[in-house]
Amino acid sequence: MAARMPRGAREIEILRVSAQLEREDTGAAAEAARKAVLSWAQNKAPGSLPKEAWRFSEFEHLSGGRNCAVVRIEREDADVWALRQDDPDKNVAGRNWSAEFVIGGAPGERAHLSVRLLVNTSEAEFSVEPHVPGPVLQMIDGAGLVRGGRPLTSTPRPITSEWSAEDLCDHLEDPERRLPIIVASTEDDEGEALMIDAATVARATAGFTRVVVLPAEWTWVLTRRLGRVRSVFGGAVRLYMPGFSRSDDPYRHRLFLADHLVAAEEARACEAWLRRSAAAASISTSRLGRDVLEFAQVKTGARLLDAERVREGGASDSDRLRAAEAYAASLEEQLRAKEREIDGWVDEAEAAEERAKASERDHRALLYRFRDLQARQAGTETRPEPLEELPTAWADLLDWVEASFADRLHFTPGARKMSRNPEYEDVEAVARALRWLATEAYQRRVEGGGSLRDATVEPGVRNSLCGGDEYRTAWRGRTHMVDWHIKNGGNTRDPKRCLRIYYFWEPDEACFVIDHLPAHRVTAAT
């Protein structure tokens with residue numbers, strides 16, 4: 001019965017924009033931004049907005065679902081103006097869109113802009129290609145918006161010199177970067193055509209991502225700076241998420257090869273994926289109440305300020321009661337909005353869990369097929385030899401492991417992070433230990449051939465059980481006991497000289513999983 005009953009409406013957040021107005025004359029810039037938002041709202045609302053709207057005062061315009069409301073907080077230390085516009089979808093019945101704009105800040109500082117786009121729907125399966133609301137484009141193309149000290153644009157930014165390519169690399173690796181960057185490369189030096197419609201993607205994602213066009217003649221700069229597996233060239237398109245570094249997992253920053261974008265439908269699917277992923281990142285990388293203000297929060301603050309003014313002004317009991325009731329009603333409205341938001345996140349979490357389970361099943365099925373192919377080819381072909389040249393820099397270690405032993409050695413996310421730039425000085429010693437683990441130790445595990453306990457890795461380095469230092473860790477949704485480690489001799493805990501590689505054996509996938517390296521693990525006892 002529950003499956004056949006109508007689904008309740010849920011509110012889904014589509015995207016967020018957090019930026020500053022580029023002009024430093026706070027009052028004039030904020031006023032121009034408010035006018036742009038009001039003009040956009042006027043085009044959506046039937047009839048004329050009240051006169052209070054154009055004086056930037058509070059009002060509420062209700063008209064058959066196409067509602068528009070403004071609240072404002074004016075104090076000596078802050079002036080915040082917020083608008084919410086509701087608009088039914090023109091093509092899908094029961095789908096209602098809401099856009100929230102918050103403009104303001106402290107006197108003498110650049111005004112801040114917060115934008116949220118939400119949809120209220122009862123659809124069981126909901127999918128949309130996000131597009132930023134029109135006023136954001138007007139502000140970008142007009143007075144201008146800034147995020148992280150760099151201007152936002154509604155068109156792709158072209159790379160025109162080696163210097164601008166180097167600047168792009170610096171921006172990609174900036175740990176303070178909060179916006180995704182889409183880099184679309186050209187196929188050759190002569191051609192300027194792109195495999196995707198970068199202009200449409202840039203306009204749809206303006207304000208919450210950056211789109212860059214990289215000519216083929218400058219792709220070598222990214223390859224030199226970031227490495228081939230993290231670069232983009234030959235007509236390929238890549239989405240660089242915040243937190244990128246040259247030692248980061250390259251598969252976290254999705255790459256679309258030119259061969260896969262030749263067909264028009266594949267290019268269109270790539271554009272839709274880029275828009276959805278950038279919009280999702282705008283929500284996951286920003287926090288409500290800190291980076292982005294919501295309309296309900298500003299309204300509650302305005303009602304609280306009204307109640308305080310009435311109380312301090314010595315108003316009558318009836319006026320104080322009305323102010324308190326308005327504040328309570330605003331709190332209830334904010335609570336209901338939070339409940340809808342929580343319901344939406346619960347649905348998203350359940351869907352993500354199902355996707356994760358399906359991915360894990362697919363992963364195991366592919367692994368078994370891979371092992372079967374290995375067994376069939378064992379009599380006719382030999383395993384490809386690992387790369388002979390050992391890495392000499394920490395930034396190259398993970399790439400070397402994945403190129404040589406991708407099916408035998410895996411790293412937990414924590415281990416990946418530790419291997420980026422540790423204090424331990426001898427990178428080649430770590431590489432030799434990992435090579436021993438993926439070759440000799442792996443063969444003993446799979447085919448037999450003696451115990452690994454106190455096995456010699458190389459002179460001065462041995463493999464042993466953790467003993468009392470063993471611990472539990474989580475990997476791919478399951479808990480595992482880390483019970484082995486590779487260590488060097490010498491009674492020292494100096495992170496520059498003390499080598500420790502903690503790992504465990506995963507029998508289902510027949511591989512070693514590295515959980516901690518390259519120094520001694522800090523425990524309660526140490």
Item checked: Total charge dipole magnitude, segment 46-161, about the Cα centre, Cβ charges on Lys, Arg, Asp, Glu only, Debye to nearest 20 -> 340
Check: For the chain, what is the accessible area per residue in Å² when the probe is 1.4 Å?
Finding: 51
Note to self: Restricting to DSSP loop positions (anything but H, G, I, E, B) with no more than 10 other Cβ atoms inside 10 Å of their own Cβ, which trypsin sites (Lys or Arg not before Pro) remain in segment 253-351?
What the structure shows: 290
Checklist line | Selection from 94, 137, 126, by position along the positive dipole direction of segment 65-181 (Cβ) | finding: 94
Check: Applying the Karplus parametrisation 6.51 cos²θ - 1.76 cosθ + 1.60 with θ = phi - 60° to the phi angles of segment 240-250, what ³J(HN,Hα) value in whole Hz is obtained for each residue in order, glycine and proline being reported as x?
Finding: 8, 7, x, x, 5, 8, 6, 9, 6, 5, x
Checklist line | Neighbourhood charge, 13 Å Cβ-Cβ cut-off, centred on residue 250 and excluding it, Lys, Arg +1 and Asp, Glu -1 | finding: +2
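Treating only the Cβ of Lys, Arg, Asp and Glu as charged (+1, +1, -1, -1), what charge dipole size does the chain show about its Cα centre? Round to the nearest 20 debye.
Working: 74 positive and 87 negative charges, 199 e Å.
Using Cβ point charges on Lys, Arg, Asp and Glu, the chain gives about 960 debye.
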Margin query: Give me the percent of accessible area attributable to carbon and sulfur for the chain, probe 1.4 angstrom.
Written below: 50
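Tell me what the chain gives for mean residue ellipticity at 222 nm when only DSSP H runs of n ≥ 4 count, each as -39,500 (n - 2.57), the sum divided by the residue total, rounded to 500 deg cm²/dmol. Could the numbers behind the result be given before it?
Numbers: 13 runs with 191 residues, N = 526.
For the chain, the value works out to -12000 deg cm²/dmol.
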Check: Here are some values of Cα extents along the principal axes in Å: [x] 88, 61, 56; [y] 95, 74, 50; [z] 68, 56, 48. Which one was computed from this structure?
Finding: [x]
Notebook entry, point to check: Structure shown: which of 417/496; 51/299; 299/338; 90/299 lie over 25 Å apart, alpha-carbon to alpha-carbon?
Noted result: 90/299
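The values are calculated or read from the model by the stated rules, or taken from the named source; none is laboratory data. Everything numeric here is computed off the predicted structure, so don't read it as measured data. All Cβ positions, even for glycine, are placed from backbone atoms using ideal geometry, and neighbour counts span all protein chains on display. Accessible surface areas use protein heavy atoms only, side chains included; no ligands, DNA or RNA. Shrake-Rupley method; radii C 1.70, N 1.55, O 1.52, S 1.80 Å.
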